[in-house]
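**Student:** Sharing a structure with you now.
The values are calculated or read from the model by the stated rules, or taken from the named source; none is laboratory data. Since this is a predicted model, take the numbers as computed values, not measurements. No Cβ is skipped: glycine too gets one built from the backbone with ideal geometry, and neighbour counts run over all protein chains shown. All accessible areas refer to the heavy atoms of the entire protein, side chains included, with ligands and DNA or RNA removed. Shrake-Rupley method; radii C 1.70, N 1.55, O 1.52, S 1.80 Å.
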Amino acid sequence: MQIIQGKTGWLEVICGPMFSGKSEELIRRIRRAQIARQRVQLFKPCIDDRYSQHEIVSHSQQRLPSTPVASSLDILDCVDDKTEVVGIDEAQFFDDGLADVCNKMANLGKRVIVAGLDMDYRGRPFEPMPRLMAIAEYVTKQLAICVLCGNPANHTQRLTDEQMKILVGAQGTYEARCRRCFEPPPPDDPPAAD
Ligand code: ADP
Ligand code: ZN
């Protein structure tokens, strides 16, 4: 019988629409690791500068310091050998290399926790999240509360006519909607410009 020794890493994904508590849940898991004196590093994409370049901030104003990075490979450059837990927020804004980067860190024995939107404003899977969900050991799907009817909300409703796939949310640009209240943009829209 083969006995595998040493601590193994793994990948956790936290997904769902905006306002579903993904950042809160990421912050909760990271704080617990810090209380247990584990070495932690947090990353987020440079593109997400809604509140602070150097912090992860939840809609309920919980915050943790994080390093802004331009690409998934930058995470590998910045991550310390001694880091035991890696947190990544707003993962949907990263390139397709993020899954390989997370795999690599997990194979090195790190606990990798990734939070991000699983669907875009059209209700379509938002890469690289689906790929991450496929390879993760743990997937947590969070739901918000539909602001129109109170049902569980799995969609992010864009409240403007902008058609870019990435429109970093200012106050009032998005709201949480359930599948019944979600109104996707009309199908004759031109393809989304990334
Ligand atoms: P996410 O990272 O998924 O966008 P956050 O962790 O930043 O979510 O924020 C979650 C918080 O958003 C909730 O605890 C609540 O205070 C607030 N919130 C605002 N609108 C809603 C909603 N429609 N349903 C649930 N929570 C909401
Ligand atoms: Zn609804």
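**Student:** In the set 95, 100, 118, 161, which member is more than 19 Å from residue 58 (Cα to Cα) and touching a helix residue (DSSP H, G or I) at 6+ places or on another chain (Cβ under 6 Å)?
**Tutor:** Matching residue, one of 95, 100, 118, 161: 95.
**Student:** Would you be able to tell me the number of residues in the range 88-124 that are over 18 Å from residue 7 (Cα atoms) and of a type outside the set (A, V, I, L, M)? Explain how you work it out, then say what you get.
**Tutor:** Taking the range 88-124 as the starting set, the residues that turn out to be over 18 Å from residue 7 (Cα atoms) are 88-101, 114-124.
If we keep only those that are of a type outside the set (A, V, I, L, M) too, we end up with 89-90, 92-97, 100, 116, 118, 120-124.
Summing the residues that are over 18 Å from residue 7 (Cα atoms) and of a type outside the set (A, V, I, L, M) in the range 88-124 gives 16.
**Student:** Can I ask one more? Taking residue 77 as the residue in question, decide whether it is at pLDDT 95 or above, out of contact with any strand residue (DSSP E or B) (no Cβ under 8 Å at 6 or more places or on another chain) and either loosely packed, with under 14 Cβ neighbours inside 10 Å or within 21 Å of residue 32 (Cβ to Cβ) (or both).
**Tutor:** Working: at pLDDT 95 or above: yes; out of contact with any strand residue (DSSP E or B) (no Cβ under 8 Å at 6 or more places or on another chain): yes; either loosely packed, with under 14 Cβ neighbours inside 10 Å or within 21 Å of residue 32 (Cβ to Cβ) (or both): yes.
For residue 77, the condition - at pLDDT 95 or above, out of contact with any strand residue (DSSP E or B) (no Cβ under 8 Å at 6 or more places or on another chain) and either loosely packed, with under 14 Cβ neighbours inside 10 Å or within 21 Å of residue 32 (Cβ to Cβ) (or both) - is met.
**Student:** Would you check if residue 157 is within 22 Å of residue 182 (Cβ to Cβ), without any contact (Cβ under 8 Å) to a residue 40 or more places away in the chain and assigned to a strand (DSSP E or B)?
**Tutor:** Here the answer is yes, as residue 157 does meet what is asked.
**Student:** Regarding residue 53, is this residue within 27 Å of residue 160 (Cβ to Cβ) and in contact with a Gly (Cβ under 6 Å, 6 or more places away or on another chain)? Don't jump to the end; show me each part of the working.
**Tutor:** Working: within 27 Å of residue 160 (Cβ to Cβ): yes; in contact with a Gly (Cβ under 6 Å, 6 or more places away or on another chain): no.
Against the criterion (within 27 Å of residue 160 (Cβ to Cβ) and in contact with a Gly (Cβ under 6 Å, 6 or more places away or on another chain)), residue 53 does not qualify.
**Student:** From the list 112, 139, exactly one residue is open to solvent by less than 20 Å² (accessible area, probe 1.4 Å), in contact (Cβ under 8 Å) with a residue 40 or more places away in the chain, more than 16 Å from ligand 2 (Cβ to nearest atom) and not polar (S, T, N, Q). Which is it? Walk me through how you get there before you give the answer.
**Tutor:** Values: 139 fails: open to solvent by less than 20 Å² (accessible area, probe 1.4 Å).
Just one listed residue meets the conditions, 112.
**Student:** If you don't mind, another one. Report yes if some residue within the range 81-88 is surrounded by fewer than 15 Cβ atoms within 10 Å (Cβ to Cβ), out of contact with any strand residue (DSSP E or B) (no Cβ under 9 Å at 6 or more places or on another chain) and basic (Lys, Arg); otherwise report no.
**Tutor:** Here is the first cut: in the range 81-88, the residues surrounded by fewer than 15 Cβ atoms within 10 Å (Cβ to Cβ) are 81-82.
Adding the requirement that they be out of contact with any strand residue (DSSP E or B) (no Cβ under 9 Å at 6 or more places or on another chain) leaves 81-82.
Cutting the leftovers down to basic (Lys, Arg) gives us 82.
Yes, the conditions are met somewhere in the range 81-88.
**Student:** Restricting to the range 144-178, and then to whatever is among the hydroxyl-bearing types (Ser, Thr, Tyr) and within 11 Å of ligand 1 (Cβ to nearest atom), can you tell me which residue is least open to solvent (accessible area, probe 1.4 Å)? Talk me through it step by step, then tell me what you get.
**Tutor:** Within the range 144-178, the first condition is being among the hydroxyl-bearing types (Ser, Thr, Tyr), and the residues that meet it are 156, 160, 173-174.
Add one more test, that the residue is within 11 Å of ligand 1 (Cβ to nearest atom), and what stays is 156, 174.
On the way: 156: 9, 174: 25 Å².
This residue is 156.
**Student:** Let me ask another. From the list 129, 164, which residue is in contact with a Cys (Cβ under 8 Å, 6 or more places away or on another chain) and either of a type outside the set (Val, Ile, Thr) or within 16 Å of ligand 2 (Cβ to nearest atom) (or both)?
**Tutor:** Just one listed residue meets the conditions, 129.
**Student:** Here's a follow-up. Which residue pairs have Cβ atoms closer than 7 Å, lie 6 or more positions apart in sequence or on different chains, and pair a first residue in the range 79-100 that is touching a residue at least 24 places away in the same chain (Cβ under 8 Å) with a second residue that is hydroxyl-bearing (Ser, Thr, Tyr) and not in a helix (DSSP H, G or I)?
**Tutor:** Sorted first by the residue in the range 79-100, then by its partner, the pairs are 89/66; 95/71.
**Student:** Also, quick follow-up: For the range 113-137, how many residues meet the condition of being outside any loop (DSSP other than H, G, I, E, B) and touching a Phe, Trp or Tyr at 6+ places or on another chain (Cβ under 7 Å)? Steps first, please.
**Tutor:** Our first condition is that a residue be outside any loop (DSSP other than H, G, I, E, B); within the range 113-137, this holds for 113-117, 119, 125, 129-135.
Then keep just the ones that are touching a Phe, Trp or Tyr at 6+ places or on another chain (Cβ under 7 Å); that gives 117, 119.
Result for the range 113-137: 2.
**Student:** Applying the selection to the range 119-129, what residues are closer than 30 Å to residue 107 by Cα and open to solvent by less than 40 Å² (accessible area, probe 1.4 Å)?
**Tutor:** Passing the criteria: 119, 120, 126, 128, 129.
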